[in-house]
Amino acid sequence: MKKFLICLLIPFIVLIGNAENWPQFRGPTGQGHSNVIELPMTWSRTDGVAWQKSLGGEAWSSPICVKNQIFLTNALLEEELLRLKVVSIDFGSGEVLWSKTLFEYQNQPRIHKKNSYASPTPFYDDGHIFVHFGNLGTACLAAGGDLIWKKKLEYSPVHGSGASPVVFDDLLLISADGAIEPCLYALAKKTGEIKWKADRESIAKKKFSFCTPLVVEDGESVQIISPASDYVFAYDLKGNQIWKFNYPNGYSVVPRPVYYSGMIYVSSGYDSPTFYAIKTGGHGDITQSHLAWKTRKGAPRNSSVVITNGLVFMAADNGVVSCLDAKTGKTHWIERVASTCSPSMLHAVGKIFLSDETGKTFIFEAKEKYSLLATNDLQEKMLASPIAYQTSMIIRTEKNLWRIDP
């Protein structure tokens, strides 16, 4: 997994292997970027659709796509039996290659009405698929569908689960920020054995969060950036805390952190989010020493931001989009673009792709001046984040998976 490292020695140099693959939540670097040279600009339920696949069930995990194989998780409730599945779909035809049920439950735990039982996005690494259903189960499968291992982690999520698994070297990282004893787990990716557990050094009143960690390289050390309630933490690969930064009373943190030019960017979550730019390189509690800038205006609760060419683009839950200077936090523009936003932004071909919960995708220039280029409507509820693969957009809506071509 070193090919997916983000190097902090030179501003935003991303080392990736096969650039066409989309192996994890938010793409090759985990930060919403694709280097494809062409993507569709206009589509509808009938126009630009290469294929449309009805999925059944109810799940909000985003798809991934590697070597012409799409992987996603699903949750089906049939005769009061909950089945948690992983599905492989052929990129070319939209046909199901294989489907495997991993876990079954007669009694379903309570979750938030906006959540699903299959919200975390899979991770592909070295011919294997890693899937996570919170405390309902975690598993590793071969790309052909054979089960390698599966297990259940004992913790108590609130409102269900949302953090996606992350693989780095021989570790599978899983955020387990539940009602009690919130922590970050590291499992052995080959066996599922727990290698270490990093307890959150915090006394947050509301301990639950849903944030996917990001692995970065700081000089000669590797850091796991892991936002949780009240703090964002940085750990080494043995689970030792390197630093932490406090955002008071932040909880239910969802947006994945982003790194750009020596700073980590995080949003503090509910109830009233604040967006922080934090300088890296510290040790211990760096709250007072390493804040670069912060803003409450337009800060997201759910949608992850994207940074390109020194510009931060972020979407508040109400669909208001802001463009800020990544170094100073200065606002270049702020516009009401979308309806309610949960999906994360995608940056490709010099443009930002932002989907809202109604199924509309807005395309605008990734520049200091706002310029809306297109609005495309699939007319179906959407919480998963769209992905780019080759020259196509792959979009999961409430009932369907879509491949959209130029």
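The values are calculated or read from the model by the stated rules, or taken from the named source; none is laboratory data. As the structure is a prediction and not an experimental result, all values here were calculated from the model. Cβ sites come from the backbone with ideal geometry, for glycine too, and all protein chains shown count toward neighbours.
Applying a threshold of 6 Å to beta carbon distances and a minimum spacing of six or more residues, or different chains, the list of pairs starting in segment 76-87 at a residue that is assigned to a strand (DSSP E or B) and ending at one that is β-branched (V, I, T) reads R83/T101; K85/T101; V86/T73; V86/V131. Give all pairs with beta carbons closer than 7 Å in which a residue from segment 105-129 that is in contact (Cβ under 8 Å) with a residue 12 or more places away in the chain and closer than 22 Å to E79 by Cβ meets a residue that is in a strand (DSSP E or B) and acidic (D, E); count only pairs at least 6 apart in sequence or on separate chains. Close Cβ pairs (under 7 Å, with a partner that is in a strand (DSSP E or B) and acidic (D, E)) do not exist here.
Looking only at residues in segment 1-33 that are more than 14 Å from the chain's Cα centre (by Cα) and modelled with pLDDT of 50 or more, which one is farthest from K189 (Cα to Cα)? Taking the candidates together, the pick is E20.
Residues that are outside any strand (DSSP E or B) and crowded, with 23+ Cβ neighbours inside 10 Å within segment 209-240 comprise S209, F210, C211, T212, P213, A228, S229, D230, listed in sequence order. Being farther than 27 Å from A118 by Cα and part of a loop (DSSP other than H, G, I, E, B) is a property that K206 lacks.
This table checks each residue for (1) in a loop (DSSP other than H, G, I, E, B); (2) surrounded by 20 or more Cβ atoms within 10 Å (Cβ to Cβ).
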position	(1), (2)
H347	no, yes
F362	no, yes
E368	yes, no
A384	yes, yes
A388	no, yes
L401	no, yes
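Taken as a whole, the condition of being in contact (Cβ under 8 Å) with a residue 40 or more places away in the chain, within 28 Å of S268 (Cβ to Cβ) and of a type in the set (K, R) does not apply to K381. Close Cβ contacts (under 6 Å, 6 or more residues apart or on different chains) running from residues in segment 218-241 that are touching a residue at least 60 places away in the same chain (Cβ under 8 Å) to residues that are outside any loop (DSSP other than H, G, I, E, B) comprise L237/V222.
Scanning segment 109-162 for residues that are assigned to a loop (DSSP other than H, G, I, E, B) and of a type in the set (D, E, K, R) yields R110, K113, K114, D126, D146, K152, E154. Restricting attention to segment 145-166, the residues being modelled with pLDDT of 95 or more and out of contact with any strand residue (DSSP E or B) (no Cβ under 8 Å at 6 or more places or on another chain) number 1. Within segment 285-319, being in contact (Cβ under 8 Å) with a residue 60 or more places away in the chain and farther than 21 Å from S272 by Cα holds for I307, T308.
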